[in-house]
Amino acid sequence: MMTKQTWTLLVLAIALGVLYVVRFTDLGSKPRIQINVSVRPFMPNAGPDDVLPLVFGLDKEWELTGLKVTPVAEVGSAKPHAVWQLVAKTASKPTLGFLFGDEIPGMEAPGGVKPDKLLPGVPYRLELTAGRATGQADFTPQPASADR
């Protein structure tokens, strides 16, 4: 037969175990997609409004379910304008990265809308989803013209 003191110690041990799991592990938290934004500094025949090509690298292969690029100034507004948006048709192919505006296998633009041109010097936010996992990265395109 268990005494009152034994029950108290058992409840305290369970409470400390639960506190440890919640506080010091990732168990139960949403996975985060880590995004690295880089530019490719070579673009011959660039026009005055063109930006350097942007490459988005991911920390591991993700089956993306959503992608959205929005100007940072519009992120908090009621209806932000997405300059590029893709959603998964069924299941996208696992990817480690992509270029801005490229097609990602298994994803499509809602309504077939093509990506808008990025403006140099304007900050944008990339938001990705892959099931429950989410990630975001802010970036500012650089002009591609030689007279930067």
| Count of residues meeting criterion [of a type in the set (Phe, Trp, Tyr) and either loosely packed, with under 14 Cβ neighbours inside 10 Å or in a loop (DSSP other than H, G, I, E, B) (or both)] in region 96-116 | 1
| remark: Result of the Cβ filter at 8 Å on region 1-25, keeping first residues that are modelled with pLDDT under 90 and partners that are not in a loop (DSSP other than H, G, I, E, B), at least 6 apart or interchain, is MET2/LEU10
| Taking the stated definitions as given, is ARG125 in contact with a helix residue (DSSP H, G or I) (Cβ under 8 Å, 6 or more places away or on another chain) and among the basic types (Lys, Arg)? | yes
| request: Answer yes or no: is there a residue in region 130-146 that is in a loop (DSSP other than H, G, I, E, B), within 28 Å of ASP26 (Cβ to Cβ) and either without any contact (Cβ under 8 Å) to a residue 40 or more places away in the chain or not aliphatic (A, V, I, L, M) (or both). | output: yes
| Within region 103-148, how many residues are at pLDDT 95 or above, under 12 Å from LEU54 (Cβ atoms) and aliphatic (A, V, I, L, M)? | 2
| said: Exactly one condition in (1) within 18 Å of ILE35 (Cα to Cα); (2) in a loop (DSSP other than H, G, I, E, B) is false for LEU119; which is it? | reply: (1)
| task | May I ask you to verify whether LYS93 is assigned to a loop (DSSP other than H, G, I, E, B) and loosely packed, with under 15 Cβ neighbours inside 10 Å? | result | yes
| Pick from region 26-60, criterion in contact (Cβ under 8 Å) with a residue 40 or more places away in the chain and acidic (Asp, Glu), ranking: surrounded by the fewest Cβ atoms within 10 Å (Cβ to Cβ) | ASP49
| task | Give the number of residues within region 78-90 that are within 14 Å of LEU64 (Cβ to Cβ) and loosely packed, with under 12 Cβ neighbours inside 10 Å. | result | 2
| request: Mind listing whichever residues of region 62-77 are of a type outside the set (S, T, N, Q), surrounded by 14 or more Cβ atoms within 10 Å (Cβ to Cβ) and either within 15 Å of ASP138 (Cα to Cα) or in contact with a Pro (Cβ under 6 Å, 6 or more places away or on another chain) (or both)? | output: GLU63, LEU67, LYS68, VAL69, PRO71, VAL72, GLU74, VAL75
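The values are calculated or read from the model by the stated rules, or taken from the named source; none is laboratory data. From a predicted model like this one, the values you see are computed outputs, not experimental measurements. Cβ sites come from the backbone with ideal geometry, for glycine too, and all protein chains shown count toward neighbours.
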